[in-house]
Amino acid sequence: MRVQVAIIGAGPAGLILGQLLHKAGIDAVIVEMHSPDYVLHRIRAGVLEQVAVDLLDAAGVGARMHAEGLVHQGFDLLIDGVRRRIDLHGLTGGKQVMVYGQTELTKDLMDARRSAGLLTIYEASAVSVHDFDTDRPRVRYSKGHVSHEIECDFIAGCDGFHGVCRASVPQNAISNFERVYPFGWLGLLADTPPVSDELIYVRHPRGFALCSMRSHTRSRYYLQCPLTDKVEQWSDEKFWDELRRRLDPQTAESLVTGPSIEKSIAPLRSFVAEPLRFGRLFLAGDAAHIVPPTGAKGLNLAASDVRYLSRALIEFYTGNTEGIDRYSERCLRRIWKAERFSWWMTMLLHRFPDTNPFDQKALEAELDYVVNSVAGRTTLAENYVGLPFND
């Protein structure tokens with residue numbers, strides 16, 4: 001098979017990239033190791049920056065998002081029992097975010113790709129990338145015990161943190177920056193109405209909590225927990241009881257509980273690989289970076305990467321190589337700002353087991369400044385809705 005671009009990974013990064021390239025008339029195939037059902041039912045992020053919403057509109061997949069998504073113009077910080085609203089809309093000159101589950105977004109992208117008759121190879125095994133340091137890169141995979149090879153101009157590595165693309169780069173050509181946090185998030189999904197119309201980020205002596213949602217009838221809640229905890233230790237009743245303890249009395253009283261439809265523990269880490277281009281192989285999304293979910297940046301950063309990458313590839317086929325030459329530089333500038341913000345929010349709102357008394361007091365003073373200063377709230381709001389692109 002011969003295509004212009006081979007995309008490895010059918011998560012949001014790969015699917016958005018494929019859709020943008022299709023709209024530009026560029027021939028791309030997506031190779032995915034898992035089944036469509038597996039890809040579709042991964043429970044992930046649900047808060048989209050305005051720039052991500054705009055990108056999905058440009059890709060032609062925004063109709064259902066606008067019909068069913070929830071526009072949020074702010075969120076609450078619940079600090080030691082006191083709720084304070086961060087007015088995103090007012091502090092950023094009218095910007096806002098959209099709550100729309102990654103599962104729904106993935107479904108929209110898969111449907112669009114299927115309707116256009118575009119090729120996605122699911123359940124590919126033994127995927128490998130070759131000769132990306134030449135002008136004739138290749139992708140190999142097996143399907144049904146038959147080996148296949150794709151010749152292409154470029155390879156887009158959108159295959160996640162554990163994917164083959166970043167692992168195929170020579171170790172002396174890449175630098176990895178990482179911080180692993182000493183706790184996880186226990187998440188519960190339930191078909192219950194959200195406890196609030198907007199998200200609530202909770203800082204409490206017992207640990208962080210987050211009250212989120214996927215729709216008016218489906219809620220998503222998180223609790224900070226030790227990495228040693230197992231999901232089996234947390235019955236639904238135990239989860240709801242602990243969540244109530246971390247909420248203020250009025251919010252706890254209005255909490256509607258119900259049986260979980262999904263429950264899992266996710267470890268938290270910050271990770272960045274540099275650079276993101278290796279000849280004709282480009283890394284994007286979780287293959288390039290991981291952020292703690294505290295700042296809602298993971299999916300948005302993936303969208304940012306493929307915005308830059310799609311434009312770079314489109315420019316290349318019109319004779320301009322500046323986009324691909326500067327892809328890594330442009331992405332990393334935005335990535336590190338998002339990494340800083342997610343790290344900062346994580347530090348402010350979580351309880352760290354090894355924080356010394358001085359550092360704890362300094363963090364409390366920082367949070368006090370943020371919530372009680374217009375400048376502090378504006379910094380938080382500007383980063384949360386998404387910083388502008390610097391093209």
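The values are calculated or read from the model by the stated rules, or taken from the named source; none is laboratory data. The structure presented is a predicted model; accordingly, all values stated were derived computationally and were not measured. As a convention, Cβ positions derive from the backbone with ideal geometry for all residues, glycine included, and neighbour counts pool all protein chains shown.
Listing for the model above:
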| quantity | calculated |
| --- | --- |
| The range 337-378, residues that are surrounded by 13 or more Cβ atoms within 10 Å (Cβ to Cβ) and among the polar types (S, T, N, Q) | SER342, THR346, THR355, THR378 |
| Residue satisfying all of: in the range 93-126; under 18 Å from LEU199 (Cβ atoms) and in contact with a Pro (Cβ under 7 Å, 6 or more places away or on another chain); surrounded by the fewest Cβ atoms within 10 Å (Cβ to Cβ) among these | GLN102 |
| Test: GLY319 is out of contact with any Cys (no Cβ under 8 Å at 6 or more places or on another chain), in the same structural domain as PRO292 (by TED's automatic domain parsing), over 23 Å from VAL180 (Cβ atoms) and not in a loop (DSSP other than H, G, I, E, B) | no |
| Number of positions in the range 272-297 that are touching a strand residue (DSSP E or B) at 6+ places or on another chain (Cβ under 7 Å) and touching a residue at least 60 places away in the same chain (Cβ under 8 Å) | 14 |
| Residue within the range 184-191 that is in the same structural domain as VAL272 (by TED's automatic domain parsing), in contact (Cβ under 8 Å) with a residue 40 or more places away in the chain and of a type in the set (Phe, Trp, Tyr) present | no |
| Failed criterion for ALA266 (all others in (1) small (Gly, Ala, Ser); (2) modelled with pLDDT of 95 or more; (3) surrounded by fewer than 18 Cβ atoms within 10 Å (Cβ to Cβ); (4) closer than 27 Å to VAL180 by Cα hold) | (2) |
| Entirely in the range 140-243, the strands (runs of 3 or more DSSP E) that have 2 or more residues that are more than 30 Å from ARG83 (Cα to Cα) | 146-151, 154-157, 175-190 |
| Verdict on VAL29 being assigned by TED's automatic domain parsing to the domain that holds PRO137, under 18 Å from the mean Cα position of the chain (by Cα) and crowded, with 16+ Cβ neighbours inside 10 Å | no |
